[in-house]
Number of protein chains: 2
Amino acid sequence: MDRIVECVPNFSEGRDPAVVAGLAEAVERVEGALVLGTHVDADHNRSVITFVAPPEQVVEAAVSVVARAAELIDLRAHAGQHPRMGACDVLPFIPVRGVTVEECVALAHEAGRRVWQELGIPVYFYESAALRPERRNLADVRRGGFELLRERIGADPERAPDVGEPRVHPSAGACIVGVRPLLIAYNVNLKTNDLAAAKRIAAAVRERGGGLAHLKALGFELVSRGVVQVSMNLTSYERTNLHQAFEAVRREAAALGVEVLGSEIVGLVPQAALDRAASHFLMLENYSPDLVLENRIAAALRRKEREGGA
Amino acid sequence: MDRIVECVPNFSEGRDPAVVAGLAEAVERVEGALVLGTHVDADHNRSVITFVAPPEQVVEAAVSVVARAAELIDLRAHAGQHPRMGACDVLPFIPVRGVTVEECVALAHEAGRRVWQELGIPVYFYESAALRPERRNLADVRRGGFELLRERIGADPERAPDVGEPRVHPSAGACIVGVRPLLIAYNVNLKTNDLAAAKRIAAAVRERGGGLAHLKALGFELVSRGVVQVSMNLTSYERTNLHQAFEAVRREAAALGVEVLGSEIVGLVPQAALDRAASHFLMLENYSPDLVLENRIAAALRRKEREGGA
């Protein structure tokens with residue numbers, strides 16, 4: 001796959017495994033779409049499917065899974081702590097390789113139109129796909145959830161959908177479609193139980209505190225291990241990568257007399273982020289993906305397939 | 001490709017590009033075989049082709065390229081500084097993924113038998129494929145080259161081939177077939193022109209000097225840059241990886257008051273070696289290839305193909 005869009009729909013069902021399996025199956029019926037993982041959260045009664053597809057197929061896969069969610073999930077019977085306003089509650093498109101944010105916005109808008117036209121589910125666009133500035137932030141769009149939206153959608157022009165008539169789908173609610181960057185969730189654990197230290201370090205390294213660009217950070221307690229953690233989101237690893245985040249935390253921790261215990265990646269990480277970290281620490285003068293045996297094999301395979309030799 | 005054998009045949013022709021192209025073409029005619037690169041050395045009048053194939057196809061590709069070399073290269077008309085005794089001079093098999101050394105030895109022996117039976121070229125086995133201890137070292141097998149071998153092969157039982165009758169092929173000579181480990185060539189450049197320092201550091205870090213296992217190292221001058229270099233071969237990156245070699249050189253250099261300028265990989269490096277370096281320096285507690293987005297995509301693709309869904 002030379003061009004890859006990731007799609008990470010969130011569904012309002014996290015207790016019935018048959019429903020989640022049915023949703024994943026709807027994605028994979030679409031040629032070119034690949035499910036990378038599913039995450040089921042019974043506490044929140046919510047699940048997440050991560051899939052990838054080429055841009056040509058990703059909209060079909062996304063609309064298919066929203067349709068399946070509308071068949072399988074009835075919001076009127078759904079309870080859970082997490083705010084939600086749709087059976088398929090959130091549908092983010094993420095540029096991964098060979099695709100721009102702008103192309104993903106066009107795909108998100110196309111998906112939104114089809115969700116309304118084919119399924120009768122009204123659509124709101126958020127983050128990079130937002131059509132109104134006050135809808136960039138997902139939490140603002142979702143405030144009050146399905147029950148409040150159902151009351152207000154017809155009466156309050158501020159709650160009118162971006163696509164579709166101002167009425168919720170009776171059982172599937174509404175769908176919030178957006179484009180967000182590829183995000184790496186990365187935690188650095190510290191050899192102390194001093195939560196204040198973790199919070200100070202987080203405040204120093206994150207963009208909001210004048211630290212590294214494209215870095216969000218919070219300090220947390222890891223109660224089970226008796227230590228604290230700086231929990232980070234890297235929203236542009238091309239600009240601020242794992243090694244820069246790690247070194248910034250280590251430096252700020254050292255200034256407080258605190259040592260780093262280790263770090264962990266939550267979810268998935270692009271190969272390029274690990275390669276850039278290796279290259280940085282090894283001070284490699286000639287790193288290129290072309291040095292990597294597996295990449296050369298993949299390139300030779302593509303060449304031979306193009307030449308019709310295999 | 002789940003199981004990969006690399007094969008790096010050396011040929012006694014480094015001036016005629018048509019010959020090298022013909023050799024590469026002979027490899028790629030075999031299904032499953034992929035040429036990753038060719039290296040042509042006009043000074044030594046010698047060339048190297050790097051290819052990979054699954055174990056089921058690698059012998060066919062290897063025998064095909066030895067056959068093509070016998071058609072295209074006449075050793076009687078060949079001159080060059082590098083010692084050689086065959087048109088295809090050396091044929092090493094290298095286990096890369098999902099294949100043991102023992103399996104590669106069996107493949108090398110099979111290739112050797114076919115080279116004699118199908119092409120009438122006598123074969124010597126070296127390194128892990130050696131049948132006599134005095135033939136483990138390639139340089140010992142090749143001593144005196146084609147011209148001396150031609151004189152002695154029939155008369156001296158010490159020069160009798162491992163497979164075949166004791167006479168050289170008139171134009172293609174003999175072929176030396178072996179199994180060697182995957183090797184990473186890795187150099188660390190130092191901020192000094194003190195060659196003695198580079199030699200001392202090399203002596204301290206290499207296995208022979210009581211340093212790191214599976215590490216060979218020499219000190220060199222980089223005349224063009226006015227600095228010196230510790231040039232290393234890692235013969236088992238699973239045991240001694242890039243980061244361990246880098247840190248050992250940096251430590252020994254620091255003890256001499258010398259700084260590291262940078263490092264470079266020569267040739268190809270397995271992805272796992274870079275990943276292990278990244279994981280080490282980031283102190284990752286949960287590294288697994290399964291965390292890498294591209295690996296998850298590849299695994300999902302294989303699963304979908306198995307299920308017949310794509």
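Taking the residues in the stretch B:275-310 that are under 28 Å from A:Val30 (Cβ atoms) and among the basic types (Lys, Arg) as candidates, determine which candidate is farthest from the other protein chains (Cβ to nearest Cβ).
B:Arg306
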Number of the exception - B:Gln81 against (1) open to solvent by less than 20 Å² (accessible area, probe 1.4 Å); (2) more than 19 Å from the chain's Cα centre (by Cα): (1)
Can you name the residue in the stretch B:16-52 that is of a type in the set (Gly, Ala, Ser) and more than 10 Å from every other protein chain (Cβ to nearest Cβ) and, of all such residues, is farthest from B:Leu268 (Cα to Cα)? B:Ala18
Within the bounds of the stretch A:90-99, is there any residue that is over 17 Å from the mean Cα position of the chain (by Cα) and under 21 Å from A:Val5 (Cα atoms)? yes
When B:Val48 is run through (1) open to solvent by 10 Å² or more (accessible area, probe 1.4 Å); (2) aliphatic (A, V, I, L, M); (3) within 23 Å of B:Arg167 (Cα to Cα), the failure sits at (3)
Exactly one of A:Arg113, A:Arg84 is more than 30 Å from B:Ala298 (Cβ to Cβ), of a type in the set (Lys, Arg), in contact (Cβ under 8 Å) with a residue 60 or more places away in the chain and not in a strand (DSSP E or B), and that one is A:Arg84
If only one of B:Leu138, B:Leu183 is within 14 Å of another protein chain (Cβ to nearest Cβ) and under 30 Å from B:Glu221 (Cβ atoms), which one is it? B:Leu183
So which residues in the stretch B:135-187 are closer than 23 Å to B:Val99 by Cβ, open to solvent by 10 Å² or more (accessible area, probe 1.4 Å) and part of a strand (DSSP E or B), if there are any at all? B:Val163, B:Ala185
Looking only at the stretch B:188-203, which residues are among the aliphatic types (A, V, I, L, M) and either open to solvent by less than 40 Å² (accessible area, probe 1.4 Å) or under 30 Å from B:Gln117 (Cβ atoms) (or both)? B:Val188, B:Leu190, B:Ala197, B:Ala198, B:Ile201, B:Ala202, B:Ala203
Scan of the stretch A:222-274 for residues that are facing chain B (nearest Cβ under 8 Å), surrounded by 17 or more Cβ atoms within 10 Å (Cβ to Cβ), of a type outside the set (Ser, Thr, Tyr) and out of contact with any His (no Cβ under 7 Å at 6 or more places or on another chain), ordered by number: A:Leu242, A:Phe246, A:Val260, A:Leu261, A:Glu264, A:Ile265, A:Leu268, A:Val269, A:Pro270, A:Gln271, A:Leu274
Among (1) in a helix (DSSP H, G or I); (2) closer than 16 Å to B:Ile73 by Cα, which single condition is B:Gln57 missing? (2)
Residue check, B:Ile153 within 19 Å of B:Arg68 (Cβ to Cβ) and β-branched (Val, Ile, Thr): no
Within the stretch A:210-221, considering residues that are within 13 Å of A:Asn187 (Cα to Cα) and surrounded by fewer than 19 Cβ atoms within 10 Å (Cβ to Cβ), the one farthest from the chain's Cα centre (by Cα): A:Glu221
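Applying the selection to the stretch A:60-81, what residues are part of a helix (DSSP H, G or I) and over 20 Å from A:Gly32 (Cβ atoms)? Break it down stepwise before answering.
First, pick out the residues of the stretch A:60-81 that are part of a helix (DSSP H, G or I): A:60-72, A:75-77.
A:Ala69, A:Ala70, A:Glu71, A:Leu72, A:Leu75, A:Arg76, A:Ala77, listed by residue number.
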Per the list (1) open to solvent by less than 20 Å² (accessible area, probe 1.4 Å); (2) out of contact with any Ser or Thr (no Cβ under 7 Å at 6 or more places or on another chain), residue check on B:Leu36 breaks on (2)
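The values are calculated or read from the model by the stated rules, or taken from the named source; none is laboratory data. Small disclaimer: the values here were computed from a predicted structure and weren't measured. A quick note on method: Cβ atoms are made from the backbone with ideal geometry, for glycine too, and the neighbour counts reach across all protein chains shown. For accessibility, only protein heavy atoms count, side chains too; no ligands or nucleic acids. Shrake-Rupley method; radii C 1.70, N 1.55, O 1.52, S 1.80 Å.
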